[in-house]
Structures are given as structure tokens and as C-alpha cells.
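**Student:** This structure is in C-alpha cells; I'll ask about it shortly.
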Amino acid sequence: QVQLVESGGGSVQSGGSLRLSCAYSLSILSTNVMGWYRQAPGKERGLVAALSIDGRTYYADSVKGRFTISRDNAKKTLYLQMSSLKPEDTAMYYCAASPLWSDYETGMDYWGKGTLVTVSS
């Protein structure tokens, strides 16, 4: 069964904004940490931002001050608000979830299929 479904990707010009959403059907224990990762063509997938159930956050240096991760537990949805987008933000963005905070570094248990973000100059 599908457990993480991303949406909100699209094409935007440099300097624009997008909000990604990830609807999940996992238990609260399986989503103690949730995160957004991205993979650009020809590059490895990397962490963009992570958020714990108790509010701890992590952001990659490249997105600090421009992206904000948040979640609505009642709606079981994770968000990524992206502002001041740059062409180098172009990538497939993936939502992920896992039981342990440290999993955002070591490996998340659950993954969505991704949503594509394209930023043109």
C-alpha cells in the first residue's frame, strides 16, 4: 500500500516559490522523524530538511533561510515551503519517514516516489 505521496512539484522561475506536500498513512511511531530529500540529474540523493515529532529540525546549508519544513499531524501531511528558488534547486524531491531521529542521517525506512521541481533562470 502507498504510504507516502508527494505533490506540489512543478516548474517555476528563479526567485519563485513552491510548497511541496507529502500525505502519509504511517503510524505516528513510524514518523518520529520526517524529511525531504532531493536528487538532481547525475547526482546522489541528499537531505534537504528533517523534522522530528518534537520539533527538532535540520536543514542543509544550501537551503537554510529559504526552505521551511513543517507538518500537520492531524492531516498527516508533511510540507516543504520553498522560497527564493534557484536553478540549482532543480531536482526530484522525495518525502521520507522513520522511527528514530538519527535515521535522517543513517537511512530512512519509508520513502515516497517523488515530485519533480524545475527552476528556470
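The values are calculated or read from the model by the stated rules, or taken from the named source; none is laboratory data. Small disclaimer: the values here were computed from a predicted structure and weren't measured. For neighbour counting, all protein chains shown are included, and Cβ atoms are generated from backbone atoms with ideal geometry for every residue, glycine included. The accessibility values were calculated without ligands, DNA or RNA, using every heavy atom of the protein model including side chains. Shrake-Rupley method; radii C 1.70, N 1.55, O 1.52, S 1.80 Å.
**Student:** Please work out which one of (1) in contact with a Pro (Cβ under 7 Å, 6 or more places away or on another chain); (2) under 21 Å from residue 3 (Cα atoms); (3) not β-branched (Val, Ile, Thr) is the condition residue 50 fails and give its number.
**Tutor:** Residue 50 satisfies every listed condition except (1).
**Student:** Here's another thing I want to ask about it. Quick check on the range 87-106. Is at least one of its residues at pLDDT below 95, outside any strand (DSSP E or B), crowded, with 17+ Cβ neighbours inside 10 Å and among the aromatic types (Phe, Trp, Tyr)?
**Tutor:** Yes, some residue in the range 87-106 is at pLDDT below 95, outside any strand (DSSP E or B), crowded, with 17+ Cβ neighbours inside 10 Å and among the aromatic types (Phe, Trp, Tyr).
**Student:** Being among the charged types (D, E, K, R) and open to solvent by less than 50 Å² (accessible area, probe 1.4 Å) is the filter here, so list the residues in the range 69-86 that pass it.
**Tutor:** Across the range 69-86, the qualifying residues are 71, 72.
**Student:** Can you pull out every residue in the range 34-68 that is open to solvent by 60 Å² or more (accessible area, probe 1.4 Å), part of a loop (DSSP other than H, G, I, E, B) and closer than 14 Å to residue 114 by Cα?
**Tutor:** Across the range 34-68, the qualifying residues are 41, 45.
**Student:** Mind listing whichever residues of the range 1-24 are open to solvent by 70 Å² or more (accessible area, probe 1.4 Å) and at pLDDT below 95?
**Tutor:** Within the range 1-24, 1, 2 meet the criteria.
**Student:** For the range 37-46, state whether one or more residues are of a type in the set (A, V, I, L, M), touching a helix residue (DSSP H, G or I) at 6+ places or on another chain (Cβ under 7 Å) and closer than 19 Å to residue 7 by Cα.
**Tutor:** Here is the first cut: in the range 37-46, the residues of a type in the set (A, V, I, L, M) are 40.
Imposing the further condition that a residue be touching a helix residue (DSSP H, G or I) at 6+ places or on another chain (Cβ under 7 Å) reduces the set to none.
Within the range 37-46, not a single residue is of a type in the set (A, V, I, L, M), touching a helix residue (DSSP H, G or I) at 6+ places or on another chain (Cβ under 7 Å) and closer than 19 Å to residue 7 by Cα.
**Student:** From 115, 31, which residue is closer than 18 Å to residue 2 by Cα, open to solvent by less than 50 Å² (accessible area, probe 1.4 Å), at pLDDT below 95 and β-branched (Val, Ile, Thr)?
**Tutor:** None of the others qualify; the one that does is 31.
**Student:** Assigned to a strand (DSSP E or B) and of a type in the set (Ser, Thr, Tyr), is that true of residue 21? First the steps, then the outcome.
**Tutor:** Values: assigned to a strand (DSSP E or B): yes; of a type in the set (Ser, Thr, Tyr): yes.
So residue 21 passes the test.
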